[in-house]
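First the structure, which I've put down as structure tokens, then a few questions once you've had a look.
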Amino acid sequence: MIEQVVSSQTASHLPEKLEFFAKTLRGEDAYGMFLAVSKGHKKPKFVSELAAQMKLSNVRVSQVAARLANLGIISKGRGKNPGTGRTENYYEKRHDIDVLKEKIIRLRNNPSALSKLVTMRRPSAPTSKIVSFIKAKPVMPAKRTRARLAKVKVAALRIAFLGTNPESSRPLRTDIEARNLARALKGTTNRDLIEIRYVPAAEWADLLETMNEFEPHIVHFSGHGGDQGVLFDNEGVYDDGGIEIDYKLLNGFIDATRNKPDLLVLNACDTVKGARVFLNTVKAVVAMSSSIDDLAATYFSRFLYVALAEGQSLSRSVAQGKLALAAMRLPDSSLPTLIHSINTDPDKISYF
């Protein structure tokens, strides 16, 4: 059974909050700012006061503190500084975060403990950042016979969904695409035989980790792309712009794994020019021939995978995704393009 998508961007549960805040404070300036604002009784800490205490410029203090305030770690206000008589921004600690302060600091300073923190995205606390939407299989006793093991259901279709959104100037709602896809697959006939792993804010290393551990039939990339490659996320919370991985290197990542996927879906703008690079590694690629709208990309992936989940062939599934866009009067219905290797018949690729 496919479970509800849990987005990394909405840390509503305590372990998720602790993990998010600990990672946010990995930078020295961010950590120093958090400690400075949180120190002592709750009272406003003005920008000039923080700058003198941290030995940073007022501009740098304003940049760091504003980011922490936007993320909900500290509070921001504006008022008259009694020490200088000037009106300026001030920051103060939040009570709901202050009660978690010691735990956040402990996890921030102990990466090993942070990697083992049990969260909804990491129920057994592995070191990977992968989120699984399928109901966990029961642990089986080691002495089971081969005949009894054969009765245990194994996912007939494994989809690795890598979502990236590294550019604040061009935000994408890849989290909504993942959520809608999971909801749609929950209603399909073969939902109990489908497993999705969603990797939010995916870095290039997450692709290798997912390929090695999960061995997906389909790798789905959702994010920014172009003629030369695709953008993966940075490691840092404040780093903007992403890391471009060209198509040749991306193909090398996939080719370096033991069990190759059948299909690579590049649900990103202008990716069709790089698609043929992968045809010696995977059987087929679905890519976009130009810039695709966020809404169109989301709906295409939904109808593509629902068709695959119901036993349709790859070619028919791609056709259904494009027809769905046309029926909704979306101008991007001609953009999804199926490219396959010379020895592959997409009419014969199906999973049920």
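Going through region 298-317 one residue at a time, which ones are more than 19 Å from Arg191 (Cβ to Cβ) and surrounded by fewer than 24 Cβ atoms within 10 Å (Cβ to Cβ)?
Answer for region 298-317, where residues must be more than 19 Å from Arg191 (Cβ to Cβ) and surrounded by fewer than 24 Cβ atoms within 10 Å (Cβ to Cβ): Thr298, Tyr299, Ser313, Ser315, Arg316.
Then there is this: Only one residue in Asp262, Asp270, Asp345, Asp294 is farther than 22 Å from His224 by Cβ, within 23 Å of the chain's Cα centre (by Cα) and either of a type outside the set (A, V, I, L, M) or not assigned by TED's automatic domain parsing to the domain that holds His220 (or both). Which one?
Just one listed residue meets the conditions, Asp262.
Same structure again: Six or more apart or on different chains, Cβ under 8 Å: which pairs go from a residue in region 172-200 that's on the phi < 0 side of the Ramachandran plot and in the same structural domain as Phe303 (by TED's automatic domain parsing) to one that's among the acidic types (Asp, Glu) and not in a helix (DSSP H, G or I)? Could you list them?
Ala182/Glu3; Thr188/Glu310; Thr189/Glu310; Asn190/Glu310
Which condition number in (1) surrounded by fewer than 16 Cβ atoms within 10 Å (Cβ to Cβ); (2) of a type outside the set (Val, Ile, Thr); (3) in contact with a strand residue (DSSP E or B) (Cβ under 6 Å, 6 or more places away or on another chain) is the one that Arg183 fails?
(3) is the only condition that Arg183 fails.
While we're on this one: Consider Ala136 carefully, then state whether it is at pLDDT below 85 and outside the structural domain of Ala205 (by TED's automatic domain parsing).
no
Now for a separate question. Of all residues in region 274-315, which are assigned to a helix (DSSP H, G or I), of a type in the set (Val, Ile, Thr) and under 21 Å from Asn343 (Cβ atoms)?
Narrowing region 274-315 to residues assigned to a helix (DSSP H, G or I): 274-278, 294-309, 314-315.
Applying the additional criterion that residues be of a type in the set (Val, Ile, Thr) yields 277, 298, 306.
Within region 274-315, Val277 is the sole residue that qualifies.
Can you find even one residue in region 322-331 that is out of contact with any Pro (no Cβ under 7 Å at 6 or more places or on another chain) and either of a type in the set (S, T, N, Q) or closer than 17 Å to Val230 by Cβ (or both)?
Looking through region 322-331, none of the residues is out of contact with any Pro (no Cβ under 7 Å at 6 or more places or on another chain) and either of a type in the set (S, T, N, Q) or closer than 17 Å to Val230 by Cβ (or both).
May I pose another question? For region 55-85, give me the residue count where each residue is surrounded by fewer than 17 Cβ atoms within 10 Å (Cβ to Cβ) and either in contact (Cβ under 8 Å) with a residue 24 or more places away in the chain or aliphatic (A, V, I, L, M) (or both).
10
The values are calculated or read from the model by the stated rules, or taken from the named source; none is laboratory data. Treat the numbers as computed from the prediction; the structure is a model and nothing was measured. Cβ sites come from the backbone with ideal geometry, for glycine too, and all protein chains shown count toward neighbours.
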